[in-house]
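Taking it in order: structure first as structure tokens, then the write-up.
The values are calculated or read from the model by the stated rules, or taken from the named source; none is laboratory data. Since this is a predicted model, take the numbers as computed values, not measurements. All Cβ positions, even for glycine, are placed from backbone atoms using ideal geometry, and neighbour counts span all protein chains on display. All accessible areas refer to the heavy atoms of the entire protein, side chains included, with ligands and DNA or RNA removed. Shrake-Rupley method; radii C 1.70, N 1.55, O 1.52, S 1.80 Å.
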Amino acid sequence: MRLQLSLASIILCFFSSLITAQDLTLIKNVTVFDGERIMENTSVFIEGNKIKAIGNILGDVDGRLIDGTGKFLMPAMINAHVHAWSPESLKEAADAGVLNVMDMHGIERFQNQMKQLNDSTKYANYYIAGAAATVPEGHGTQYGFPTPTLTTPEEAKKFVADRVAANVDYVKIIVEPWKKTLNSETVEALITEAHKADKLAVVHVSRLDDALMVLNHGADALVHIWWDKELSAQDIEALKRRDFFIIPTTLTTLKAFKSMGEKSWEYLSKEALLNQIRMLHEAGIPIVAGTDPPNLGINYGTDLYEELRLLSEAGLSNLEVLKSATSNAAISFKIAKRGFVKPGYLADLILLDGSPVENINNIASINRIWKQGKIVK
């Protein structure tokens, strides 16, 4: 089969002993979401594990040709909040087009073993926080595995150093007052030490006052949205001055509300919760998609689609919803060469039979998935 390529690409392919016809794919006449914008009726050329070119491509070379007419091509998705306990979790994610997952608390020895699967086509790429920072008997200690803890600011330096030694990608901090929890001074020390180690400091919160506190201390992200009260105009103005992103985990929060049944304390309605997300988005705060599986029975793959539907319901445009699971996440977590469809980026791609910009439910219409240029099976 013959593909349309530039003369320069033909010469490059001829002299490269590492690239064969089986490593070349051209997707023609497809609508592309490149992580920022929509390009209609264009073509994407994959060479080996990377995207080689995008646009009107001329010339001939052997390789695979895919007719993208009526289809939609986008970056593979990122689930920015999971707890993965086995390779099967990473496979479930990959099968749904979620090729990157950000683990927020677990057993470091097992996490590092699973990171060795990152080069496999079958599994999602795996990023880790290692053990989250919490106090004895605090949230995160109840799951039956040994969890390091701390109680004072003086312990923060060693705690972060131990996480760095465990090859973490970022540092997770838990502020959860329904159990014993870290005090403000220790949280500030942890954030400071994380930044000294060139790591993002991401923080679990459930109360607005705690969110404002940790952001005042320089937290880079909130990995849940609060659910006790609504933002004031003054709060919004304060947040606009902070450089952070938020992973609302909307699906998890709403499922938690349902599981609690009759209110034992006040929490926001679904409408109010979604309104908080809309207000943050309108204030310019990056929204990043995550679902917190396996909590509350949430899966590692297709439940991310439900999170995207909820973000759409919150009032984000469908283009902005797609960014939350692709480019926003890649930029926020500094994931290199992923989250976009651009020349030189890894060919981690999803081909859909319908446009999720027109209807967010089309995110489930997966035709095929590529990880580093290879079909995910």
Query raised in the report: In the stretch 102-116, which residues are out of contact with any Gly (no Cβ under 8 Å at 6 or more places or on another chain) and either among the polar types (S, T, N, Q) or touching a residue at least 24 places away in the same chain (Cβ under 8 Å) (or both)?
Result: Asp103, Met104, Ile107, Phe110, Asn112, Gln113, Met114, Lys115, Gln116
Report summary line: Of the residues in the stretch 315-326, those that are of a type in the set (S, T, N, Q) and crowded, with 22+ Cβ neighbours inside 10 Å come to Ser324, Thr326
Query raised in the report: All but one of (1) free of Cβ contacts under 8 Å to residues at least 12 places away in the same chain; (2) assigned to a loop (DSSP other than H, G, I, E, B) hold for Gln234; which doesn't?
Result: (2)
Requested in this report: Those residues that are of a type in the set (Ser, Thr, Tyr), under 12 Å from the mean Cα position of the chain (by Cα) and assigned to a helix (DSSP H, G or I), I need them from the stretch 290-327; list them, please.
Outcome: Ser324, Ser327
**Report entry** The listed residue being more than 26 Å from Gly301 (Cβ to Cβ), touching a Pro at 6+ places or on another chain (Cβ under 8 Å) and among the hydroxyl-bearing types (Ser, Thr, Tyr), out of Thr181, Thr186, Thr152, Thr192
**Finding:** Thr186
Report summary line: Checked pairs for the stretch 88-101, first without any contact (Cβ under 8 Å) to a residue 60 or more places away in the chain, second crowded, with 24+ Cβ neighbours inside 10 Å and not acidic (Asp, Glu), C-beta under 9 Å and 6 or more apart or across chains, list as Glu88/Tyr300; Lys91/Tyr123; Lys91/Ala124; Lys91/Tyr300
Report summary line: Restricting attention to the stretch 347-367, the residues that are in a helix (DSSP H, G or I) and under 15 Å from Ala76 (Cα atoms) number exactly 3
Query - Boolean, Glu306 is free of Cβ contacts under 8 Å to residues at least 60 places away in the same chain and over 24 Å from Ile246 (Cα atoms) - result: no
Query raised in the report: When residues of the stretch 180-235 are filtered for being among the charged types (D, E, K, R) and touching a Lys or Arg at 6+ places or on another chain (Cβ under 6 Å), how many remain?
Result: 2
Report task. Would you check if Gly344 is assigned to a loop (DSSP other than H, G, I, E, B), open to solvent by 20 Å² or more (accessible area, probe 1.4 Å), more than 30 Å from Lys374 (Cβ to Cβ) and not aromatic (Phe, Trp, Tyr)? Result -> no
Requested in this report: Quick one: which helices (runs of 4 or more DSSP H) lie wholly within the stretch 49-165 and hold at least 3 residues that are crowded, with 24+ Cβ neighbours inside 10 Å and at pLDDT 95 or above?
Outcome: 87-95, 156-165
Query raised in the report: Yes or no: Gln234 open to solvent by 50 Å² or more (accessible area, probe 1.4 Å) and either more than 15 Å from the chain's Cα centre (by Cα) or more than 21 Å from Glu36 (Cβ to Cβ) (or both)?
Result: yes
Query raised in the report: How many residues are within 21 Å of Phe244 (Cβ to Cβ) and surrounded by fewer than 19 Cβ atoms within 10 Å (Cβ to Cβ) when one looks only at the stretch 265-284?
Result: 6
Report summary line: Of the residues in the stretch 27-38 that are surrounded by fewer than 17 Cβ atoms within 10 Å (Cβ to Cβ) and in a strand (DSSP E or B), the one that is modelled with the lowest pLDDT is Asn29
